[in-house]
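S.K.: Attaching a single structure in structure tokens format; questions to follow.
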């Protein structure tokens, strides 16, 4: 069975009721190596290992034909904090480029 980033993303989004899913095929299209970023309320209150087990359980059938799968799992709150932090850093860096923001 051929596995695609789109198939994995669709399945993860549906089964984990994810607010955000991004799956990248890191194997130049052959479907053997993927990297995923998943944001779901279902991760709330669960340790990282349990979150990763939830993801692996969702795509267990597909994992049989995948050689490597890496993931980053976040709750919506963690995602929001990370996004805000990234925007703050980006704005400061942009200000430095134009000579402001001392």
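S.K.: Which order do the peptides 41-47, 18-24 come out in when sorted by mean C-beta neighbours inside 10 angstrom, highest first? Working shown, then result.
M.R.: On the way: 41-47: 13.6, 18-24: 17.4.
The packing order, highest mean first, is 18-24, 41-47.
S.K.: Provide the percentage of antiparallel DSSP beta bridges, counting only those with both residues in region 5-97; round to the nearest 5.
M.R.: Beta bridges within region 5-97, antiparallel portion: roughly 45 percent.
S.K.: Ok, one more. Between residue 17 and residue 44, what length comes free when the chain is fully extended (0.36 nm per residue of separation minus the Cα-Cα distance, one decimal in nm)?
M.R.: Taking 0.36 nm per residue and subtracting the Cα distance, the gain is 8.5 nm.
S.K.: Jot down the radius of gyration and Dmax of region 5-92, Cα atoms only, both in angstrom.
M.R.: Both quantities, over Cα of region 5-92: 13.8, 45 Å.
S.K.: When only C-alpha pairs under 8 Å and at least 6 residues apart count, what is the relative contact order of region 5-97, in percent? Intermediate results must be reported in sequence, preceding the final value.
M.R.: Details: 119 pairs, mean separation 25.3, N = 93.
That works out to 27 percent.
S.K.: Another question about this same structure. Assuming 0.36 nm per residue, please report the length gained on full extension of the stretch residue 56 to residue 77 beyond their Cα-Cα distance. Mind dumping the intermediate values first?
M.R.: On the way: separation 21, 0.36 × 21 = 7.56 nm, distance 2.21 nm.
Value of the extension gain: 5.3 nm.
Only the coordinates and a few stated rules stand behind these numbers; no lab work does. Model, not experiment: these values are computed from the prediction. Cβ sites come from the backbone with ideal geometry, for glycine too, and all protein chains shown count toward neighbours.
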